[in-house]
Each structure stands twice: as C-alpha cells, then as structure tokens.
Amino acid sequence: MENKKMINYHYEKDAFSTFKNGIRREWALTNGIGGYAGSSLIGAHNRTHQGYLIASLHPPIERYLVFSKINESLSVFAAENTGSSDEKFHSLTDTLKKGAAPAVSAVYNLETSQHRKNGGTCYTQGQEYLVSFSYDGSVHYTYQAGDIMLKKHICLKHGANVCAIAYEIENNGPDASLTLVPLFNFREHSASSRPEDFHFRTSLIDNSLCLIPESHPDTAILFQTSEGIFSDHTPMFDIDMQLQTEVDLETDGLDCHYCPHEVTVFLPAKSHKQISVLCSVIAADETFTDITADTAFDILKEREKYTKSLYEMAGIHDDFADRLVLAADQFLCDRASTGYKTVLAGLPWFTDWGRDTMIAFTGLTLCTGRRKDAEEILLTFSKYIRHGIVPNMFPDDNAAPLYNTADASLWYFYAVWQYLQYYPDTAANAFVQENIYPHLKEIISAYKNGTDFSIYMEEDGLIHAGSGLDQITWMDVRVGDWVATPRHGKPVEINALWYNALKVMEELARRYEGGDDVLVTGGYATSSGSEVSGSATVSGNEVSGSGGSAQGLGSHVSVTGVSATSLGSHVMTSHNYAALAELVKASFCQKFWWKEEGCLYDVVDGDEPDDHLRPNQIYAVSLPFTMLSKEQETKIVAFVKEHLYIGCGLRSLTSDHSDYHGIYCGSLSKRDAAYHQGTAWGFLLGGFLSAYAKVHDHSLECTKELLSLLGPVRHHLTDNGCIGSISEIFDGDAPHNPRGCYAQAWSVGETLRAYMQDVLPYM
C-alpha cells in the first residue's frame, strides 16, 4: 500500500479575523469508546457539550465533561533578569512559591473565551495571536506572540479516556514563561455547573494532580505535565463561561469550571522546548507514573498512524471520499454491554440509535472496508431485538433500550443485504445464516402477525404502524401529549422497506433453505377481525388461485386470488415471500400514487391520505427492490429535486404547506415545531442521489449533475458547521444554516454510500 497522504483542513488568519466568525466553525475528536472532545476554530467553546475530554465512563454512555480546556498565557521577563538559565529557573521557582509574580516586560494572553459579566458579555480574544488552525484527525493551533511561536496539538488516545496536548515552543526572544491554567469539571455532558457543584478530593504529587469527585469515589481525573511549577490559581473558579449556541437556543448558556492550580513553565531565551500534558480518567486506586516531554507526542503519532490506517483500509484514493472516511470513523465505537462495535448517531449528544445505525451502516463500514466492524454492529443490534423490533435507542443512562420504532427492523434487512453485496463469499453467508437469518425470520413474523406500537400487516399486505401518542417513524417529535408528525397508518417509507425486506427474505430463503423449507412460524395475519377464505398456489414468482382478495382503504386489490390471510400460514417459504411481495406491490402502487402531483402520498390511513408532501417517498425509488414504473420513479425524483432538495439535504416538508417552518432555531418548542416540518435533513441526500442516478441510468451527464448536487456538501465540510463532517439538519430556508448535531452518522454515511455506489464508479 502506498504511503497515504493525510486529509488536512487548514485555516489561516482570514478564517478567524473576528471572534464571531471563528467560533461558528467547530471541531470534534473521538476516542472510539464513546468519549469525545470539541471546541471551535479559535479555541472558545460554543456549546455545553464541548471540552478537551468528555469521557465515557461506561462505553459508549455515561459521558461526563471532566476536562474543559487549558488557558495559556506567555510572559516575557524584564531585562534585569540576569544569570544562567538554571539560576533564572530557581529564581522563578522561589518567586512563585512566595506567591509573587516575576518582573515581566510583556504578557500575551492566548485564552479565547466568552463570559457574562456585569449583565453583559465579555470576550477574551486570544485569537489575535492565532496564526493558523488545522484538523487532520487531531487538532493543531499555531500562535505567534512577539518572539515566541507556540504550537498546540490536541488529540485523544484511541480506546482510552485520555486527552493528550503536545506543545512545541520556539522562543526567539529573551527569557519567558508559559502559564497553563487547566479547567476541570465533572458533569453529565449536556448539563452545566455552578461553583457549589464542585466537590473533589484533591492531591498533588510532583507534576501529577489527582481529583476524585465525591459523587464517583471510584473515579479519578488525573492531570499531568512533563515539567512546570504547580501553584495555586486565583480565582479558583472560572465563572459564567457563556456558550453562544446555547444562548441562541434561548437559554442562559452559562457554565462554570474548577481551576485550583496553574502550571508555569520556564522558557529560556533562544530555546526550543517540547512539553507534554495529559488528562486521563482512571480508577481512583490506580497507580500512575510520571510522563515525559515525549508522551503526548507519542500519542499524537499513534493517532496519525491510526488515521492513515483508515485510508489504507478503505483503499479509495479519492479526496472527497477520503474526507468522508475520516468523518465516518468518529461514529464507530465499542459498546461494553455487548463487547462489539456500535454506532453513535451523532455528535455531540446522541447515543446509538437502531434506525440511524442501519441507514448509516453501509457508508460507515462497508464503503470504508471495515468488515469486522460491520459484523459486530449487526450482532450488537441482533442481541437486543424484542418482539421483532430492533432497538430504537440505547439511552445514555445505562437503562434498557427503547423500542419505539417501526422502521429500524426493516432497515436492518437493508443493512444485511448490503453486507452480502459487498462480501458475497462463503464466510459472509455463513455469518448471516448462523447469526442474523433467524432474527430476520423473527422480524417478518412479528410484522405479519402484529407486534408492539400497533405495527401489523393489513389485509392488503401493507404495514400499519402507530396509534395514539406513538411516534415510531423517523419523524418522531413528541412533547407530552403533543405529537408533531403522527404519521399513523401506512407510512410510505415503511411499506417501501417492507417490500424490500420481503424480497431480501425471498432470496435468503432460496439461498439458505432451498426455497420450500420452513422459514417463519407464527399465527395468521388478520386485521380488524376480517376473515378471507380462498386458496392460492404458487409456482416460482407467479401466483394463481381463487376466492381471495385483499381489502384496504375501501379499495379492492387482488393479485390473482391471493390475500394476506392466505399467505399468513404457519410456515413461509421463498415462494410465499415472493407472493406476498407481489401483493404488497399491487397494493402500494394503487394506494400511494398521487397522480395529480406526480408523486407519492406520505401516509395512507383510511380513506383520507395525508396531504403533506414529504421526502420519505424517495425510498420507494432508491431501495434495492422497488415497485413503481420507471415513469413514476422519474416523476418522483423530479418532484423531490424541485421542491425538497436544498443542497446538503432534503426538506422534510414542501415550503408551500401551511405547516412549513423553514428555520430551526430558538426555544425547544420552536425547534420541535420545525424539526420535521421544513427542516432539511442531511441523511436524505443519499437516497435522493441514488434515486437520481437510477432514473437517469447512471449516464455521464447524470454523473456530472450528481457532482454538482454534491457541491454544497463539499463546501459544508470546510466552511461551516463541524470541520470535516456533516450536520444533522439544515434550515429549509436560505442560506440553509447547519443545525442540530454538528456531526451526524447517517448524514456522513449516506453521502459516502451514494458517492461510492452511484457517482465515483461512473466518473
């Protein structure tokens, strides 16, 4: 394998000429076990969930901010300081021990922050000394203060709750010193702190500071430096740090931190120095050793080696794809409860969601060459299937999984199918047959015969989902008794996925059991007490018979005499799956096609289809197995492009609807009202691009158009939001500002999948 060039996002002075434009560009690092770090391009925190180490105490959950940041300042000594370097160092030490300050000629405060003071906002603008910023999987700041150049490298150790900060300092002037003020905390990552919240047992041994929170006496925060003089810091608390994104959400956006000590490092004239700083979360009874000047740099090199291995494993050799490969890694992490890999749905606050995982799965694992991770993710979620439902979410408090989803289980079929397309070998088939296939049978049986959350198959073969206060599609906002987007009945994407699942099972049954053996056991599928009598015989994919019909929505649908009831026998074979799929196809085409608009209804329930024009219909075109004519698919894609595409995603509702909200901002109630009512979603772009390529036969002109359609995403990776990643959502209204999670798994995964499957091979 050739020596892979690192992807690097580099910014210079014009990118952070003001505090405002610098703080809006953010970065994130992850450690592979659910922990992460984040801040802004200028080093000022912008939201509650940012800091140098948010540790996962029980991977990948129980995430606590333990180490917020380090504030640096440089002091240049006055000319009267004479003598050897050793003499000056001892003089500095004595001065600090006495609680005094050495005589200085200049002070450069590199801190960048926003605080509320005296009813207003105070800005500390250390970005004035910032020369450049870069991100390549680690973070690099370069400062120039007088004759001193300081480079600050931040990275997280992979697989551990360890933040490493490596300083390179070139002092081309007189004697000087570097002062480091570490800011500590111990709070849940979405909370905030006040000074009265800090209760630590603190000990200082040489250059190792240990803080044990009284609320978690078995856990310790260990802060270590390779050199420097520790002294008391006054004030002991950093009070009312103001986080602008939280203010924008109509909260006070205030947080406080604990800073009991500062560290002073002597910088001799005309010298070059390397300093290592580590902050770790360890067991309270764990012994520790001192670090050296090389320790943080060694961790930095390990991270660089790991990042290069990602590109090599993917083996793509395309700049845009490699950028997404780097982004994809941030969402993959270990889950302690299973011992397998899982996917964090989004940074900075989401845990692992079943729906998000299965949608992002192909891009994050298969497109990146991570076969083992793919298998572990499939196993992780298989272990928690209940009543035929893949978990919707693993909470961040180590509680039992939540199952309020109708689509996660159906997306699971899609993920398995994609896995087998990428790895069509004997080992992959054996893996699926032994570990996954029984769960797929369980899901089909549950959906046919009925399971939780009013999920069941009706007589027309289509899937009904939800009732009352259920929110079980991806449009899932509910506040108390208010359901923002009920979508109860037969949602379009659920039934497109249902058909796809049946076709997958038809193939797997033929592959693993010869087509006619028992596959699924269970009762008859009936709805509303209806009874249909008749018989059906199956030959290949053709169905014939008499007496049976499928009733739904007051319409009569028949597929050569077959009904859902007649196919709901105690056993299922590949032929049964084929027959049921044909019934679903006929019902779907009749009931969802909206002729006047040239697109699909979003939900069909009773005799009144939903008049909201939404993007969910795109999956009736983009999935591997679909039901519509080429003409219908072409019209749907054209409709979506004209009315819903905004650059980095698709609007969740057409802008001319009375329920449309184009800006996602403000209080929680304002945001909830907009979340699925106009806000554009990044993950939907993948299905749209695949559908567009399909209806245009992957022509050369089509590929050129797809590259053009991806242009806003390229811009987004570099110029707004989280550097190198793709946001969860965007405003439906121009300029389509990024919102929500600043890095979202399915936004990245689906963009990479579509690019790899539908663009790159045709360039």
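The values are calculated or read from the model by the stated rules, or taken from the named source; none is laboratory data. As the structure is a computational prediction, the values presented were derived from the model and not from experiment. Here the Cβ is made from the backbone with ideal geometry for all residues, glycine too, and neighbour counts use every protein chain on show.
Taking the criterion of being of a type in the set (S, T, N, Q) and either under 18 Å from Y52 (Cα atoms) or in contact with a strand residue (DSSP E or B) (Cβ under 6 Å, 6 or more places away or on another chain) (or both), the residues of segment 141-181 that qualify are T142, Q144, N161, N171, S177, T179. Candidates are the residues of segment 456-491 that are in contact with a Ser or Thr (Cβ under 9 Å, 6 or more places away or on another chain) and of a type in the set (V, I, T); the one that is farthest from F592 (Cα to Cα) is V479. The residues of segment 109-168 that are out of contact with any Lys or Arg (no Cβ under 6 Å at 6 or more places or on another chain), among the charged types (D, E, K, R) and in a strand (DSSP E or B), listed by number, are R116, K117, K151, K152. Taken together, the criteria place A408 among residues that are over 21 Å from Q757 (Cα atoms), modelled with pLDDT of 95 or more and either more than 18 Å from the chain's Cα centre (by Cα) or crowded, with 19+ Cβ neighbours inside 10 Å (or both). Residues in segment 617-631 that are outside any helix (DSSP H, G or I) and not hydroxyl-bearing (S, T, Y): L623, P624, F625, M627, L628.
Every residue, every condition in (1) hydrophobic (A, V, I, L, M, F, W, C); (2) touching a helix residue (DSSP H, G or I) at 6+ places or on another chain (Cβ under 6 Å); (3) touching a residue at least 40 places away in the same chain (Cβ under 8 Å), yes or no:
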residue	(1), (2), (3)
G173	no, no, yes
H199	no, no, no
E214	no, no, no
A220	yes, no, yes
F230	yes, no, no
T245	no, no, yes
L249	yes, no, yes
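Being within 19 Å of Y601 (Cβ to Cβ) and out of contact with any helix residue (DSSP H, G or I) (no Cβ under 6 Å at 6 or more places or on another chain) is the filter here; which residues of segment 499-515 pass it? N500 - this is the single residue of segment 499-515 that is within 19 Å of Y601 (Cβ to Cβ) and out of contact with any helix residue (DSSP H, G or I) (no Cβ under 6 Å at 6 or more places or on another chain).
Here is a check on your reading of the model: is Y11 buried (at least 22 other Cβ atoms within 10 Å of the Cβ), touching a residue at least 40 places away in the same chain (Cβ under 8 Å) and among the aromatic types (F, W, Y)? So Y11 does not fit the description; no. Looking across A581, A638, one residue alone is touching a residue at least 12 places away in the same chain (Cβ under 8 Å), among the hydrophobic types (A, V, I, L, M, F, W, C) and under 18 Å from L497 (Cβ atoms). It is A581. The residue of segment 706-755 that is surrounded by the fewest Cβ atoms within 10 Å (Cβ to Cβ), among those that are β-branched (V, I, T) and closer than 22 Å to A691 by Cα, is V713. Suppose the filter is under 27 Å from N109 (Cβ atoms) and assigned to a strand (DSSP E or B); does S231 pass it? Yes: the conditions hold for S231.
Within segment 337-380, being among the acidic types (D, E) and more than 29 Å from E188 (Cα to Cα) holds for one residue alone: E375.
For K13, the conditions (1) over 19 Å from S727 (Cα atoms); (2) at pLDDT below 90; (3) not acidic (D, E) all hold with the exception of (2).
Pull up segment 586-638, narrow it to residues that are touching an Asp or Glu at 6+ places or on another chain (Cβ under 7 Å) and among the aromatic types (F, W, Y), then point me to the one that is surrounded by the most Cβ atoms within 10 Å (Cβ to Cβ). Restricting to residues being touching an Asp or Glu at 6+ places or on another chain (Cβ under 7 Å) and among the aromatic types (F, W, Y), the top hit is Y619. Any residue that is touching a helix residue (DSSP H, G or I) at 6+ places or on another chain (Cβ under 6 Å) and either at pLDDT 95 or above or at positive phi (or both) - is there at least one of those in segment 653-667? Among the residues of segment 653-667, at least one is touching a helix residue (DSSP H, G or I) at 6+ places or on another chain (Cβ under 6 Å) and either at pLDDT 95 or above or at positive phi (or both), which makes the answer yes.
Please go through segment 33-79 and give me each residue that is among the charged types (D, E, K, R) and over 30 Å from P102 (Cα atoms), ordered by number.
R47, E62, R63
Residue-level analysis places A321 outside the set of residues that are closer than 30 Å to P761 by Cβ and touching a Leu at 6+ places or on another chain (Cβ under 6 Å). Among helices (runs of 4 or more DSSP H) entirely within segment 276-387, having at least 2 residues that are surrounded by fewer than 22 Cβ atoms within 10 Å (Cβ to Cβ) and free of Cβ contacts under 8 Å to residues at least 40 places away in the same chain singles out 295-314, 371-382. For segment 9-53, a tally of residues being assigned to a helix (DSSP H, G or I), β-branched (V, I, T) and out of contact with any Ser or Thr (no Cβ under 7 Å at 6 or more places or on another chain) returns 0.
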